[in-house]
Amino acid sequence: MPFDPARAYNALPVLPPKATLETIAVLKACIAARAALAELKAVGGLIPDQAVLINSIPLLEAQASSAVENIVTTSDRLFRFAGPGREADADPATKEALRYRTALAEGFRRLSSRPLSTTSAVEICRTIKGVEIDVRATPGTTLVNDQTGEVVYTPPEGSAHLRDLLANWEMYLHGEDDGADPLVRLAVQHYQFEAIHPFTDGNGRTGRVLNLLYLVEQGLLDIPVLYLSRAIIRNKGDYYRLLHRVTSEGAWEPWLLFMIEAVRDTALWTTAKVRGIRSLLHETVERMRREAPRIYSRELAEIIFVQPYCRIHNLVDAGIAQRQSAAAYLKTLAGIGILEERKVGRERLFINPLLLRLLTADQEG
């Protein structure tokens, strides 16, 4: 029976696909992408405090991944409300994007004790949505064209069937019998997860968190700092078109090439961004030594990169200084132009403008 977008796709084939996946073009793309990931992994390891990267690039990923789903916030709001206990004061879109970063961080932490699984996907989706969501148990979920309202895909139905498909997806994640390149496996599992569409909402963002965690689990990254959603939002039309072609035509190669190239492109982009952060940190250290030698410490320089929207208590909590001295340190850095002091309501923020400009500029580095 030909594929009908208006009918539940209960005939979704299980993994692995029967098609030949590792064509010459795909294998060449894998080599280039793996080299780019290796460079990112090496450069990321040169940042002394990994929290500098963990607190910044995943926020950009959260913003872009949420924007794919038309949940729009700004980098300014994300960085401002990213601190512990700050999310409650944010607007709904910012809260949802911040929950994406939380889901990524919690998923990364759990990787040390257990592999990715259906349970991982459920936990990620629950964190992103902020509700006790579970695998769909009732029919009626459809994907429609935003502009025309036309049904473009109806995912499989039936709780037992969905869980069977997820069990097969989970086995594919960790099976190595076919010897497939991890990047091919990444693209295949991402298609399958999106095709299963196991939740009533949050599937796309859950799938994109799983992508980053899978790269870490496979040892291709040490920390989940690949800004992969950048490539998806920049090529959103192609992303959905090629996903649909796998379903309707079995066209695996174009999809694999798209995803592998997205990994390569964003690995190169992220590497340049990490190099830029490292260079700016070095310049800031030297400037503090030169212009504020009485307060200089490496820990003080790093904290304003870990917390681009720095507060007095950040220095206190890090053990750098007591409150009065911490306030004086931040005001000194603002006085020489390293930070910008901003009063927002009753709160006083000290912002690292050069770092924020570097992070949010679309060009590399």
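Overview of results
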item	result
Neighbourhood charge, 13 Å Cβ-Cβ cut-off, centred on residue 326 and excluding it, Lys, Arg +1 and Asp, Glu -1	+2
Crossing angle, helix 203-217 versus the chain [Cα axis fit, 0-90 degrees, rounded to tens]	70
Cα extents of region 292-360 along the three principal axes, largest first (Å)	31, 28, 21
Given 95/236; 28/273; 129/331; 41/236; 18/129; 28/129, the pairs whose alpha carbons are separated by over 28 Å	129/331; 18/129; 28/129
Kirkwood Rh (inverse of mean 1/r, distinct Cα pairs), region 24-267, angstrom	18.5
Point-to-point label distance, residue 74-residue 251, nm (Cα→Cβ direction, 7 Å offset)	3.9
With eigenvalues of the C-alpha gyration tensor scaled by 5 and rooted, region 227-272, Å	22, 11, 5
Folded to 0 to 90 degrees: helix 57-68 orientation relative to the chain principal axis, Cα	40
Residue 131-residue 159 pseudo-label distance in nm [points 7 Å out on the Cα-to-Cβ vector]	1.7
Full-extension gain in nm, residue 322 to residue 32, via 0.36 nm per residue minus C-alpha separation	99.5 nm
On Cα atoms only, tilt of 323-335 relative to the major axis of the chain in degrees	90
Estimated translational D of region 129-204 in µm²/s (Stokes, Kirkwood radius over Cα pairs; 4 °C; 1.567 mPa s)	93
Value of relative contact order over the chain, rounded to a whole percent, pairs C-alpha under 8 Å and six or more apart	22
Residue-averaged [θ]222 nm for the chain, counting only DSSP H segments that reach four residues, each worth -39500 (n - 2.57)	-19000 deg cm²/dmol
Distance in nm between pseudo-label sites at residue 361 and residue 342 (7 Å out along the Cβ direction from Cα)	1.9
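Values quoted throughout were computed directly from the atomic coordinates according to the rules given, and no laboratory measurement underlies them. In this text the structure is predicted, and so the values were computed from the model without any measurement. Here Cβ is always computed from backbone atoms with ideal geometry, including for glycine, and neighbour counts include all displayed protein chains.
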